[in-house]
Amino acid sequence: MRIELQAELDALEAGFQEAGEIVLRSIRGALDALQSQDVELCDEVIAFDDEIDERYLAIEKQVELVLARQNPVASDLRLVLALLHNGLHIERMGDQCVTIAKLTKLSSHLGAQPAVVEGLADMGERCAEMVKVSLTAFADRDLEQARELHQLDDLVDRANRQVFDEVLGYVHDPEALEWGMRQITVARCFERIGDNAVDIGEQTAFLVTGEFAEFTDASHDPQPL
Amino acid sequence: METPQIDNTRIADASRGALSRDDIERREKVFSVNDLAVSYSGKVALQDVQLDVHRNTVTAFIGPSGCGKSTFIRCFNRMNDLVPGAKVEGSVLYHGADLYGDDVDPVEIRRRIGMVFQKPNPFPKSIYDNIAFGPRVLAMKGNLDERVEGALRQAALWDEVKGRLKDGALGLSGGQQQRLCIARALAVEPDVILMDEPASALDPISTTRIEDLMHELKRDYTIVIVTHNMQQAARVADMTAFFSVVVHEDGSARRGILVEYDTTAKIFTTPSDKRTEDYVTGRFG
C-alpha cells in the first residue's frame with residue numbers, strides 16, 4: 001500500500017470538494033445579487049473569485065507534485081487527471097459568477113424586467129443543483145448520478161432559450177432591450193456553469209470506467225439557441 | 001446542411017502515440033507460448049502461461065519476487081536446460097518451430113536469441129576481444145573489425161571506447177560494461193535480445209542510456225525484458241505481461257501465473273484485472 005500517495009490523493013480530492021463548495025457559494029451570491037439587484041453583493045462576488053482562483057492553483061500545484069513524485073498509474077492516474085480537469089471547471093464557474101455580477105452591476109440602473117429575472121433565477125437554481133450533484137457523484141463515484149446531469153442540463157438549456165425569447169419581445173423598448181441584451185449574456189454564463197457541471201460528470205465516468213466519452217457532443221447534435 | 005469534408009491528416013499526425021494492440025498483433029509472431037509450465041525437481045514454479053511476442057517490439061514481464069518472470073524469460077533461449085531438475089512443459093514456438101524440439105541445437109538458439117543479465121558480465125579480456133569472441137567461436141564471415149565497430153555503434157558505446165579497444169573491459173563503468181554486453185550479444189547477429197533486469201544495477205543516467213538503446217534496437221530486433229522497475233516497463237515496453245504468485249491453501253507451495261498481458265498503455269491506465277491494478281498502483285506486492 002502506498003500510504004503517502006493515498007494521503008496525497010485524499011488531500012487533493014478534499015481540496016477539490018472544498019473548491020466546489022466555495023464556487024457554490026459564489027453561484028448563490030451571484031444569483032442573490034441578480035434577484036435583489038444588490039450592487040454591493042455584486043462587488044463581494046467579484047472579490048470572492050480570488051478565493052476560488054487560489055483553490056484552483058493549489059489543486060494544479062498539488063497535481064504537478066503528485067505526478068512528479070509519485071508516478072501514479074491506472075485508477076490513481078485517472079483520479080489525478082480528473083481532478084486537474086475538475087479544478088479548471090470550478091475555476092471557470094467562478095469566472096462565470098464574476099461576469100454575472102459585473103453585468104448585474106452594469107445594468108442595475110436600467111430597470112430589471114421581472115419575467116426575465118425569474119427565468120434567470122430558475123436557471124441559477126438549477127445550475128447550483130447541478131454543481132451539487134456533480135460534486136456528490138464524483139465523491140461517490142456514482143456513474144448513474146453523473147449521467148443524470150445531462151438531463152438536468154437540458155432543463156437549463158431550455159430556460160436559456162426562454163430568456164432569449166422573452167428578451168426578443170423588448171425590441172421596441174430601447175432601455176429594456178439594452179438591459180435584456182446584457183441578461184442574455186448572464187443566461188449564457190449560467191448555461192456554461194451547467195455545462196461545466198456536466199463536464200465534471202464526464203470526469204466521474206472517466207474515473208469509474210476508464211473511458212472518456214462526452215455525454216453529449218455539440219459538434220454532432222446542434223441545438224438551436 | 002451537408003457536413004463539410006475536413007482533412008484530418010494533420011490532426012491525426014498530432015496524436016501519434018503508443019502502438020495499438022492491432023498494430024502489434026499484425027506483426028509477425030516471434031514467440032508463441034502455449035500452456036507453458038516450468039517445474040524444478042517436481043515443484044511447479046510457473047504454469048498456465050500463454051502469450052505471443054511480436055517482431056520489433058519490446059515486451060516487458062513485471063511482477064513481484066517469485067512470480068516466475070525470470071524463469072519464464074529463460075524459457076525463450078532454453079537457459080533452464082542448464083538447471084538440474086528443471087522441466088519445461090507446454091510449447092514455445094519460435095517463428096512457428098518448436099524451440100524444445102529434439103532437432104534443435106541450444107547453442108544455435110542462444111546465438112539467435114541473445115541474453116543480457118542483471119549484472120554486467122564482460123569477459124576479463126579487452127573491449128575488442130569481448131565483442132569479437134562470439135563471431136570468432138562461430139567462425140562468422142566478414143571483416144571482424146567492422147563487425148566489432150558495428151556492434152559497438154549499435155550499442156551506443158563506440159564513441160566512448162573507439163580509442164581504447166585494446167584496454168581491458170573490466171575498466172569500463174557499470175553502465176558501459178552493460179552496453180558492452182549488449183554489443184557482445186549484437187555481434188553474433190541475433191534475432192531476439194532477452195534482458196533480465198538489465199538496468200537494476202545501474203545509476204539513473206546509465207539506466208536512461210539503456211532504455212534509449214532499447215527504443216533504438218527494437219527497429220532491428222525483438223526485445224524481451226524482465227524488470228522490477230514498473231516505470232521502466234511503462235517507459236520502454238510496447239506490451240507488458242503481469243505475473244503474480246499463487247500460494248497453495250496450506251501455504252506449502254507458491255507458483256507463478258500470468259495474470260494479464262496487454263499493451264503497456266492498457267496495463268498502466270486501465271488494467272482489466274484487479275490484481276494487476278493493485279500491483280501497478282502499489283497496493284499489493
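The values are calculated or read from the model by the stated rules, or taken from the named source; none is laboratory data. Everything numeric in this text was worked out from a predicted model, so none of it was measured. Using ideal geometry, Cβ is built from the backbone for each residue, glycine included, and neighbour counts are taken over all protein chains shown.
Just a few scattered comments:
- If you go through the range A:118-127 and keep only what is surrounded by fewer than 20 Cβ atoms within 10 Å (Cβ to Cβ) and among the aliphatic types (A, V, I, L, M), you end up with just A:121.
- Only residues that are of a type in the set (Lys, Arg) and within 14 Å of another protein chain (Cβ to nearest Cβ) were counted across the range B:198-246, and they come to 1.
- Taken together, B:153, B:219, B:184, B:164 contain a single residue that is under 29 Å from residue B:29 (Cβ atoms) and surrounded by fewer than 20 Cβ atoms within 10 Å (Cβ to Cβ), which is B:219.
- Count of residues meeting criterion [β-branched (Val, Ile, Thr) and at pLDDT below 95] in the range B:189-206: 1
- Single residue of the range B:241-255 satisfying the filter (modelled with pLDDT under 95 and not hydrophobic (A, V, I, L, M, F, W, C)) that is surrounded by the most Cβ atoms within 10 Å (Cβ to Cβ): B:255
- Among residues of the range A:103-114 that are within 16 Å of residue A:167 (Cβ to Cβ), those with a Cβ under 6 angstrom from a residue that is of a type in the set (Val, Ile, Thr), sequence gap 6+ or separate chain, pair up as A:103/A:185; A:103/A:186.
- Scanning the range A:71-97 for residues that are within 14 Å of another protein chain (Cβ to nearest Cβ), part of a helix (DSSP H, G or I) and at negative phi returns A:75, A:76, A:77, A:78, A:79, A:80, A:81, A:82.
- Scanning the range B:165-175 turns up at least one residue that is touching a residue at least 24 places away in the same chain (Cβ under 8 Å) and within 29 Å of residue B:53 (Cα to Cα).
- Among (1) assigned to a loop (DSSP other than H, G, I, E, B); (2) over 27 Å from residue A:75 (Cβ atoms); (3) of a type in the set (A, V, I, L, M) - the single one residue A:213 does not satisfy: (2)
- Residue pairs meeting the criteria (Cβ under 6 Å; at least 6 apart or on separate chains; first within 15 Å of residue A:114 (Cα to Cα), in the range A:154-182; second among the charged types (D, E, K, R) and surrounded by 17 or more Cβ atoms within 10 Å (Cβ to Cβ)): A:159/A:122
- Criterion violated by residue A:100 - all others in (1) more than 14 Å from chain B (Cβ to nearest Cβ); (2) out of contact with any Cys (no Cβ under 7 Å at 6 or more places or on another chain); (3) among the β-branched types (Val, Ile, Thr) satisfied: (2)
- Search result, residues across the range A:36-78 that are under 15 Å from residue A:135 (Cβ atoms) and either in contact with a Cys (Cβ under 9 Å, 6 or more places away or on another chain) or surrounded by fewer than 21 Cβ atoms within 10 Å (Cβ to Cβ) (or both): A:52
- The C-beta contact set for the range B:268-285 (first residue more than 7 Å from chain A (Cβ to nearest Cβ) and on the phi > 0 side of the Ramachandran plot, second residue surrounded by fewer than 19 Cβ atoms within 10 Å (Cβ to Cβ) and in a helix (DSSP H, G or I), distance under 9 angstrom, 6+ apart or interchain) comprises B:285/B:278.
- The condition of being within 14 Å of chain B (Cβ to nearest Cβ) and among the hydrophobic types (A, V, I, L, M, F, W, C) holds for only one of A:68, A:47, A:30, A:58, that being A:68.
- Filtering B:212, B:238 for residues that are surrounded by fewer than 16 Cβ atoms within 10 Å (Cβ to Cβ) and either within 15 Å of residue B:60 (Cβ to Cβ) or not small (Gly, Ala, Ser) (or both) leaves a single hit, B:212.
- Count - residues of the range B:219-229 that are of a type outside the set (Ser, Thr, Tyr) and part of a strand (DSSP E or B): 4
- Considering the range B:105-136, the residues that are touching a strand residue (DSSP E or B) at 6+ places or on another chain (Cβ under 7 Å) and aliphatic (A, V, I, L, M) include one that is farthest from residue B:180 (Cα to Cα), namely B:113.
- Residue B:189 of a type in the set (Asp, Glu) and touching a residue at least 12 places away in the same chain (Cβ under 8 Å): yes
- Every residue from the range B:247-267 that is of a type outside the set (D, E, K, R), out of contact with any Lys or Arg (no Cβ under 8 Å at 6 or more places or on another chain) and away from chain A (no Cβ under 12 Å): B:251, B:252, B:257, B:258, B:261
Here's the yes/no breakdown for (1) more than 14 Å from chain B (Cβ to nearest Cβ); (2) under 25 Å from residue A:13 (Cα atoms); (3) buried (at least 17 other Cβ atoms within 10 Å of the Cβ):
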residue: A:140; (1), (2), (3): yes, yes, no
residue: A:176; (1), (2), (3): yes, no, yes
residue: A:185; (1), (2), (3): yes, no, no
residue: A:197; (1), (2), (3): yes, yes, yes
residue: A:206; (1), (2), (3): no, yes, yes
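- Test: residue in the range A:9-19 that is within 14 Å of chain B (Cβ to nearest Cβ) and crowded, with 18+ Cβ neighbours inside 10 Å: yes
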